[in-house]
Amino acid sequence: MEGERGVSTGTVVLAFLAGGLIGAGVALLVAPQSGKETREKIRDAAEDAKEKIKTVTEDAKTKLRSITDDAKVRLHSTIEHGKETIEEKKSIVSSAIEAGKKAMEEEKQRLSEKA
């Protein structure tokens, strides 16, 4: 789904996660603790973010596949309906042409009999 500005939900989620990670990283860097503890917390936060991004990415892929499959089904249905409509119209036009030819021949005969 897209919002008013054309931004997808996935983009918003990824931006939210990235902002959260940046905020968490800054908080860890300015917090009063040892460098080792800070590095461990950053490493843990990065691993958590990596897992969340994997999950969001997989969900997005699944949704995209579903949307794509639905679109293929609708497209196939539309094409089939279009083919049927064309065949119907083609039959009507052919019948009209034949009727016109027949009327023209009858008129020719009628005019040639009068002459």
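The values are calculated or read from the model by the stated rules, or taken from the named source; none is laboratory data. What you see is a predicted model, and the numbers here were worked out from it, not measured in a lab. When we count neighbours, we look across all protein chains shown, and the Cβ atoms used for this are built from the backbone with ideal geometry, even at glycine.
Here are a few things to note about the model shown:
- Residue that is modelled with the lowest pLDDT, among those in region 33-57 that are over 16 Å from residue 21 (Cα atoms), assigned to a helix (DSSP H, G or I) and over 17 Å from the mean Cα position of the chain (by Cα): 35
- Pick from region 22-49, criterion exposed (fewer than 11 other Cβ atoms within 10 Å of the Cβ) and among the basic types (Lys, Arg), ranking: farthest from residue 9 (Cα to Cα): 36
- Those residues of region 75-90 which are modelled with pLDDT of 90 or more and not aliphatic (A, V, I, L, M), in sequence order: 77, 78, 80, 81, 82, 83, 84, 85, 87, 88, 89, 90
- Count of region 50-79 residues which are of a type outside the set (Ser, Thr, Tyr) and either more than 27 Å from residue 8 (Cα to Cα) or surrounded by 12 or more Cβ atoms within 10 Å (Cβ to Cβ) (or both): 7
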